[in-house]
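Asker: Here it is, the structure in full.
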Amino acid sequence: MKNIHFNDLVSRRRFLTGAASVGFVSFLNTTGLTIKNSRAQDILMNFKPVKANNLDTVTVPNGFRWSLVGSWGDPLWSGTPEFDHKSRGTGTTQEMSVGDNNDGMAFFDIQGRHVLAVNNEYCNFSVIYGNRKTRSPANADDVKKGIAAHGVSIFEITRKAEGWRIVKDSPVNRRITAATPIELTGPAAGHPLLKTAQDPTGRLSLGTFNNCGNGRTPWGTYLTCEENFDKYFSAQDKYLKMSSEQKRYGLKGKDAGYGWARYHDRFDLGKHPNEANRVGYIVEIDPGDPTSTPKKRTAMGRFKHENCEVVHCKGGQIAAYMGDDQRGEFLYKFISKNKFMNGGKNSELLSEGELYVAIFEDSGNGRWVNLRDAGMSRAETLIFTRAAASRLGATTMDRPEWVSANPFKAEAYCCLTNNKNRGRVTHQPVNAANPRADNKYGQIIRWEQTNNDHASDSFIWDHFVVAGNPTVYENEYAGSRNVKADNMFNSPDGLAFDTLGNLWIQTDGNYSNQGDFEGMGNNQMLMADPSTGNLKRFLVGPKECEVTGMTWSSDKSTMFVGIQHPGEKNPKKCSFPGGKGTVPRSSIIAISRDDGGVMG
């Protein structure tokens, strides 16, 4: 069989005419779309790539080292017991300790303190409730523990001889959970769809949960992103029918097993149908003030947010790129109404602005369409954002996950992690941006904004990489030409540029190392050179984990990386990070160079 590269297939489908191909460049000819950063190449691209493996540890290249910063259940205050591997803690200890399943994170220097803000996405029942045969919450304290395991953990860290460690009792230490009061702000705040019996004003919600990716603002706040909120709601009424709006967000009469509605009526859709409308937003938090009230920014839309990449526009406004992580959903951009003022008051910049959705044309051009044009009221557009985007004919995407912007130009990248429905359901046909049916490997799409301005409503786009397995396939499932046997991966998820212009890719995919995924090993992190398309595997995580979340110390000597749900399916076969006889725990690690040089 002739070896057909994916790029050849792309050229036949998309380069329809010379005129149509203007503005669309394959990833092999990217000089016009990126800026080569020789310093980045010289400093960090010279490591010897690590091989794929299925070890129960973290593997990094020679010349680098990793150490543990903290794990689920580590206490943030004195008097709280250390993590108990037998009981896995209580509701009370969890409220005072690092939350579960850390995801997006950001590092802040605040008045001489080094502070990490870390998302806590969800719970692994087989781990958090693994001290009983049912592996499920059985009583009120179990539910209390689950609620407290979600949200955001904020804590000070300090660098010691043995590495970075959590500072107990720091005045900045804070747990924000699924029970913390949070203000609803923006155009939808106070709307009848956000009012409940507990909050007749529609302006004060309780809790943030399923916090996936993150963002940070130029004025020093942390953005946490609410994703799969539907998994927490249920209905005691077995015959309760869901509205079309509820169905669009995956809501149904049964939750994912959390059982929160058994003890908290607000999670019962039959009793409080508007409660779910109060989740699915970007939440802004001041990491330096533990007394401040977090704010949900309704102006940025309600959907299953992955992360939030904040950038500057030429005119002074702030733009934010956001993906809706579900099969066949959309990519969005928010542009603030007001301008960023350096040193000024910017605390409400995200409370007012315009929300756009992306259309990727087969020609390689694209445009951002304002959701105001959907013909819905302003509040309904922001509460039922998916419906508004569908009305506008937005391009259905293969699960838009993290977005990251090139620090040297108005160009952004987005991980489209995978999509088994592509080409199989009517509203998700194969298209240029999502070119493979039954997309099991995923791809990274990128776009360059017109006039080098993030505020522009048009762009050109291409694929930076199309993941695949060239050792198994010789067709489009082999991936793009920059995918080789020694750097192949599946399901790109986390994504971030460092200050040098290197692009870091984290995966959350199939770790079976069998069949279509043979040779890929555990989930991993790669470094990419945007100017050449070169990819090198930098890190391999422990068994059954997702590698997710990354940030850097201010001096760039340390990269912090998240290791989520090690031992996800078989916790008895995984003991990361504690070793034999311990419970696998989601953790944050610190990576540095042996020579003390920069990590990006």
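Asker: Would you be able to say whether some residue in segment 439-448 is of a type in the set (D, E, K, R) and buried (at least 24 other Cβ atoms within 10 Å of the Cβ)?
Answerer: Within segment 439-448, the first condition is being of a type in the set (D, E, K, R), and the residues that meet it are 440, 446, 448.
Imposing the further condition that a residue be buried (at least 24 other Cβ atoms within 10 Å of the Cβ) reduces the set to 446.
Yes, there is a match, as at least one residue in segment 439-448 is of a type in the set (D, E, K, R) and buried (at least 24 other Cβ atoms within 10 Å of the Cβ).
Asker: So how many residues does segment 338-357 have that are among the aliphatic types (A, V, I, L, M) and either in contact (Cβ under 8 Å) with a residue 60 or more places away in the chain or assigned to a helix (DSSP H, G or I) (or both)?
Answerer: Residues that pass the stated criteria total 2.
Asker: Restricting attention to segment 64-121, which residues are in contact with a helix residue (DSSP H, G or I) (Cβ under 7 Å, 6 or more places away or on another chain) and among the hydroxyl-bearing types (Ser, Thr, Tyr)?
Answerer: Thr80, Thr90
Asker: Which is farther than 30 Å from Ser87 by Cα, of a type in the set (Gly, Ala, Ser), buried (at least 21 other Cβ atoms within 10 Å of the Cβ) and in contact (Cβ under 8 Å) with a residue 40 or more places away in the chain, of Ser592, Ser553, Ser531? First the steps, then the outcome.
Answerer: Details: Ser553 fails: buried (at least 21 other Cβ atoms within 10 Å of the Cβ); Ser531 fails: buried (at least 21 other Cβ atoms within 10 Å of the Cβ).
Answer to the selection: Ser592.
Asker: Follow-up question, since we're still on this one. Looking at (1) over 24 Å from Phe360 (Cβ atoms); (2) part of a strand (DSSP E or B); (3) of a type outside the set (Lys, Arg); (4) touching a strand residue (DSSP E or B) at 6+ places or on another chain (Cβ under 6 Å), find the lone condition where Pro290 falls short.
Answerer: (2)
Asker: Taking the residues in segment 85-116 that are among the small types (Gly, Ala, Ser) and surrounded by 20 or more Cβ atoms within 10 Å (Cβ to Cβ) as candidates, determine which candidate is nearest to His305 (Cα to Cα).
Answerer: For segment 85-116, the residue satisfying everything is Gly104.
Asker: If you don't mind, there's one more thing I want to ask. Return only the number of the condition from (1) buried (at least 24 other Cβ atoms within 10 Å of the Cβ); (2) of a type in the set (S, T, N, Q); (3) touching a strand residue (DSSP E or B) at 6+ places or on another chain (Cβ under 6 Å); (4) closer than 25 Å to Ala432 by Cα that Thr385 does not satisfy.
Answerer: (3)
Asker: Exactly one condition in (1) more than 21 Å from Asn482 (Cβ to Cβ); (2) in a strand (DSSP E or B); (3) not charged (D, E, K, R) is false for Cys414; which is it?
Answerer: (1)
Asker: Follow-up. Take Lys314 and decide whether it is over 18 Å from Asn370 (Cα atoms) and assigned to a strand (DSSP E or B).
Answerer: Working: over 18 Å from Asn370 (Cα atoms): yes; assigned to a strand (DSSP E or B): no.
Answer is no for this residue.
Asker: Restricting the search to segment 203-251, which residues are farther than 21 Å from Ile147 by Cα, acidic (Asp, Glu) and assigned to a loop (DSSP other than H, G, I, E, B)?
Answerer: Asp237
Asker: Out of curiosity, is Ala432 among the small types (Gly, Ala, Ser), in a strand (DSSP E or B) and either within 22 Å of Phe303 (Cβ to Cβ) or in contact with an Asp or Glu (Cβ under 7 Å, 6 or more places away or on another chain) (or both)?
Answerer: Numbers: among the small types (Gly, Ala, Ser): yes; in a strand (DSSP E or B): no; either within 22 Å of Phe303 (Cβ to Cβ) or in contact with an Asp or Glu (Cβ under 7 Å, 6 or more places away or on another chain) (or both): yes.
No: the conditions fail for Ala432.
Asker: Could I ask something else about it? Among the residues of segment 331-359, count how many are more than 16 Å from Thr381 (Cα to Cα) and of a type in the set (Val, Ile, Thr).
Answerer: Filtering segment 331-359 for residues more than 16 Å from Thr381 (Cα to Cα) gives 336-350, 359.
This time we only want the ones that are of a type in the set (Val, Ile, Thr), so: 359.
Of the residues in that region, 1 qualify.
Asker: Which numbered condition trips up Thr293, out of (1) surrounded by 20 or more Cβ atoms within 10 Å (Cβ to Cβ); (2) touching a residue at least 40 places away in the same chain (Cβ under 8 Å); (3) touching an Asp or Glu at 6+ places or on another chain (Cβ under 9 Å)?
Answerer: (1)
Asker: Filter segment 214-251 for residues that are modelled with pLDDT of 95 or more and basic (Lys, Arg) and give the result.
Answerer: Listed by number, the residues that qualify are Arg216, Lys231, Lys241, Lys247, Arg248.
Asker: Further question on the same structure: Can you list residue pairs whose Cβ atoms sit under 7 Å apart, with the first residue in segment 456-478 being touching a residue at least 40 places away in the same chain (Cβ under 8 Å) and assigned to a strand (DSSP E or B) and the second being buried (at least 16 other Cβ atoms within 10 Å of the Cβ) and among the basic types (Lys, Arg)? Count only pairs 6 or more apart in sequence or on different chains.
Answerer: Between residues of segment 456-478 that are touching a residue at least 40 places away in the same chain (Cβ under 8 Å) and assigned to a strand (DSSP E or B) and residues that are buried (at least 16 other Cβ atoms within 10 Å of the Cβ) and among the basic types (Lys, Arg), the close pairs are Trp461/Arg446; Asp462/Arg446; Phe464/Arg446.
Asker: Still on this structure: Output yes when any residue across segment 373-392 is aromatic (Phe, Trp, Tyr) and part of a strand (DSSP E or B), and no when none is. Break it down into steps so the answer makes sense when it comes.
Answerer: Within segment 373-392, the first condition is being aromatic (Phe, Trp, Tyr), and the residues that meet it are 384.
Still in the list and also part of a strand (DSSP E or B): none.
No - not one qualifying residue is present in segment 373-392.
The values are calculated or read from the model by the stated rules, or taken from the named source; none is laboratory data. These figures come from a predicted structure and were not determined experimentally. Quick reminder, even Gly has a Cβ in these numbers, built from the backbone with ideal geometry, and neighbours come from all protein chains shown.
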